[in-house]
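Down below is the structure, laid out as structure tokens.
The values are calculated or read from the model by the stated rules, or taken from the named source; none is laboratory data. A quick note: this is a predicted structure, and the numbers were derived from the prediction, not measured. Don't worry about glycine lacking a Cβ; one is built from the backbone with ideal geometry, like all the others, and counts go over all protein chains shown. These area figures cover heavy atoms from the full protein model, side chains too; ligands, DNA and RNA do not enter into them. Shrake-Rupley method; radii C 1.70, N 1.55, O 1.52, S 1.80 Å.
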Amino acid sequence: MKKSFFVLFFLLIASFVFSEDNNVRPPFELKMAVDEEQYFSAQIDQSTYVLPNNWIQLFPGEEVYIEAEVEDNALVNFKRVPEIKNPAKTLVISFKQISEEKLHKYMFLSVKNPFDKELKYSAAICLLKYGKWVETDVLNIGPGIAASELWSDLITSIALYDFMLLTDE
């Protein structure tokens with residue numbers, strides 16, 4: 001009886017550990033500096049980093065590692081991983097707010113392109129002042145390097161999508 005209880009307990013714990021979904025973001029409180037006296041605060045429910053159709057959504061303060069496959073120069077089959085095990089196919093994406101003395105300065109996005117071709121993608125941002133999503137321009141990223149984007153607006157979330165590798169043709 002004691003042995004079977006131990007085995008059952010071990011299997012239960014193992015199922016939680018090994019079935020952990022790396023794509024699930026736990027609920028959290030988003031806090032952002034606005035000015036010396038005001039903060040923006042919102043309770044964010046449990047959600048996913050990788051959305052259908054290979055969209056990636058980030059909130060300020062997050063960094064993710066996304067493994068991707070290449071099919072006909074499109075990045076597909078996105079999978080959030082807890083660490084980089086396949087550097088040649090893992091995007092490193094971080095999004096954060098830069099503030100000084102409780103005063104918002106700018107929003108900062110960094111995307112590392114691990115592939116041997118130029119990476120093109122699209123982005124939409126959720127602006128605090130409008131409370132809605134708007135398209136924004138982003139630059140292509142050269143092979144094997146990281147590129148940064150800056151916005152002076154307060155952005156509560158960013159979505160990246162339509163990742164393509166460019167060919168010389």
Item to complete: At least 1 residues that are touching a Lys or Arg at 6+ places or on another chain (Cβ under 6 Å), open to solvent by 80 Å² or more (accessible area, probe 1.4 Å) and at pLDDT 95 or above in each: list the strands (runs of 3 or more DSSP E) lying fully within region 14-82 that qualify.
Response: none
Worksheet item: Hey, among the residues in region 87-115 that are assigned to a loop (DSSP other than H, G, I, E, B) and open to solvent by 60 Å² or more (accessible area, probe 1.4 Å), which one's nearest to A159 (Cα to Cα)?
Response: K102
Worksheet item: What is the number of the single condition among (1) over 14 Å from the mean Cα position of the chain (by Cα); (2) under 19 Å from L160 (Cβ atoms) that K96 does not meet?
Response: (1)
Worksheet item: Only one of (1) at pLDDT 95 or above; (2) under 21 Å from F28 (Cα atoms) is not met by G131, so which one is it?
Response: (1)
